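One structure is given here, and the rest of the page talks about it.
All of the numbers you see were taken from the coordinates with simple rules; none came from a lab. Keep in mind the model is a prediction, meaning the values are calculated, not measured. Positions of Cβ are generated from backbone atoms using ideal geometry, with glycine treated the same way; all protein chains shown enter the neighbour counts.
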Amino acid sequence: MKLELEAVTFDQAARIAAEMTKTFAIPVQAHTALIAEDTEDNRKRLKPQVEETLYMPGLQENQMTEMANLARAVFDLQSVTASPATDTIVLRGDPDNLKILNATYDGLLNGSSDVLLDVKLYEVDRSNTRNIGFQLPSSIGIFSIAQEAQQLVTANQSLINQAIASGVIKPTGNAFTDLLTEAAFLIGSGVASAAQFGNLIGTVGNGIALSGVYISSGATINLLLNSSDVRMLDALKVRAGTNQDATFRAGTRYPIMTSQYTYGVQGSVASSVAGLNINGTSVGSLLQQYLGNNQVSVPQVQYEDLGITLKATPVILRAGTVQVKLDLKIESLGSGSLNNIPVLNSRQLTSIATIPAGQTALLASEVSSSEMKSVQGLPGLSELPGFQSTTNSNKTVSTGELLITITPHIVRDRGLRIASRPLLLPFNPNPSTSTFIEPPPPPPPPPPQTAPQNPQPTQMPNGIPPNAVPQRPVTPPAGTTPTPQ
């Protein structure tokens with residue numbers, strides 16, 4: 001067979017000849033090659049075989065088995081031996097096929113992409129309390145001064161007698177005057193006290209009928225301002241592989257008692273079975289022997305994670321964006337309890353968001369506000385112009401803000417790598433390499449050539465073209481007459 005090719009290289013001509021003749025070449029020496037018919041048997045029989053030992057430390061037994069099955073099923077290698085004990089896989093095949101298999105293993109074992117998640121929580125809590133005004137007494141009462149003084153003196157009669165004997169109290173002979181003097185002595189010395197005398201604002205009547213007017217409490221002037229501003233910033237950085245779960249916890253594990261059980265024998269139980277015997281042995285002694293004499297309470301405790309718990313699963317998409325599956329939980333102890341079990345404050349966010357790499361996205365925002373106002377004063381009087389100062393005003397304003405942002409960063413990018421081979425192998429003059437000689441692109445076609453156009457002669461002023469041959473004047477011979485043309 002003779003082939004004539006033009007404008008091709010030797011490699012291209014060899015490749016075309018192999019495809020047209022259905023043959024393949026195996027280099028034997030530097031300038032000698034063996035030509036054989038391109039059949040599966042000839043390729044298995046004549047193609048050089050290479051044995052490789054691949055070391056894959058850290059793989060489990062099932063992973064080693066999957067790697068060996070990949071070589072058998074996809075790359076059609078018949079001689080594959082996996083040894084999980086030594087972390088090796090022994091392969092035998094042609095060099096071209098093994099090179100592509102090695103590139104595939106390299107892409108699988110070098111790891112996937114990693115994403116660094118930068119999560120920030122901004123929390124601002126403000127509280128403002130103002131208590132300004134007068135707090136006037138809310139009630140007025142009247143009492144019998146003689147009766148109240150008699151109760152104080154009767155309760156401290158021995159002390160009154162000592163004061164009279166020592167000359168501290170000098171009786172005047174008037175029973176009512178002496179009673180008031182003795183009551184004033186007890187109150188002034190701090191031995192006895194009475195709310196009516198402490199808040200006395202006036203008296204009514206005279207003698208035994210003397211009555212006192214008192215108020216329930218004294219007037220109070222309130223000038224209180226209490227303001228608090230709490231700012232918190234929690235910055236979390238978590239690195240995770242693509243499509244891999246990452247969990248981060250920061251805080252404490254708080255024990256909460258949910259229930260309790262008691263074992264042991266009470267004395268009432270032992271006494272109630274007194275006189276009962278089993279094979280001559282008292283039932284009460286048996287219960288105390290095996291269950292104990294005293295009761296023991298064992299609590300059932302459940303631990304709760306207080307603080308921040310973050311679970312994230314990033315996935316890198318083809319467009320360079322990162323899809324994040326986020327589960328964020330914030331728990332803290334509340335101020336109250338229910339059946340001796342503390343109440344927990346909980347905030348939880350579950351979201352799936354797609355965010356461009358390196359850009360910040362707002363995941364959640366919470367703004368809470370509460371206002372409590374109370375007014376205390378006299379009905380009607382506090383509403384009159386000029387008497388507003390007699391009103392006590394208590395106002396509390398509380399606001400809270402929570403902001404959650406996330407910024408993904410791709411810190412280790414693993415692009416898509418494809419190792420492929422054509423079904424009809426082209427000619428490869430160097431089979432020890434995995435690079436097939438591809439034909440160069442055909443040269444661009446030459447631009448179309450146009451026929452040259454003769455330029456039109458330019459007429460001179462005398463009417464003779466510039467490229468015309470000059471004519472000589474012709475003189476007819478003598479005796480002849482020129483014939484007109």
Mind pulling up the Rg/Rh value for the stretch 43-194? Radius of gyration and Kirkwood radius, both on Cα.
2.08
Restricting the calculation to Cα positions, tell me the Rg (one decimal) and the Dmax (whole number) of the stretch 153-260 in Å.
33.9, 104
Per 0.36 nm of contour for each residue apart, how much would the distance between residue 8 and residue 254 grow if the chain were fully extended, relative to their Cα-Cα spacing?
80.5 nm
Tail beyond 20 Å, pair distance distribution of the stretch 1-131 (Cα, percent):
65 percent
Förster radius 56 Å - calculated FRET efficiency between residue 278 and residue 55, Cβ distance, rounded to 0.05
0.20
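How would the stretch 157-201 be classified by its alpha-carbon gyration tensor: rounded, prolate or oblate, with rounded meaning a/c under 1.5 and the a/b versus b/c comparison settling the rest? Before the final figure, lay out the partial values.
Working: a/c = 2.76, a/b = 1.50, b/c = 1.84.
Cα axes put the stretch 157-201 in the oblate bin.
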Label-point separation (nm) for residue 359 and residue 45, each offset 7 Å from Cα along Cα-to-Cβ?
6.4 nm
How far is it, in nm, from the label point at residue 132 to the one at residue 332 when both lie 7 Å from their Cα along the line to the Cβ?
3.0 nm
Rounded to the nearest 0.05, what FRET efficiency do residue 204 and residue 366 give with R0 = 56 Å and r taken as the Cβ-Cβ distance? Could you check?
0.35
For the stretch 1-68, report the % of Cα-Cα distances exceeding 19 Å.
56 percent
Would you mind checking 237/311; 47/99; 22/44; 2/99; 237/325 for any pair whose Cα atoms are more than 23 angstrom apart?
2/99
Calculated FRET value between residue 166 and residue 211, using beta carbons and R₀ = 30 Å, to 0.05
0.40
Assuming 0.36 nm per residue, please report the length gained on full extension of the stretch residue 34 to residue 318 beyond their Cα-Cα distance.
97.6 nm
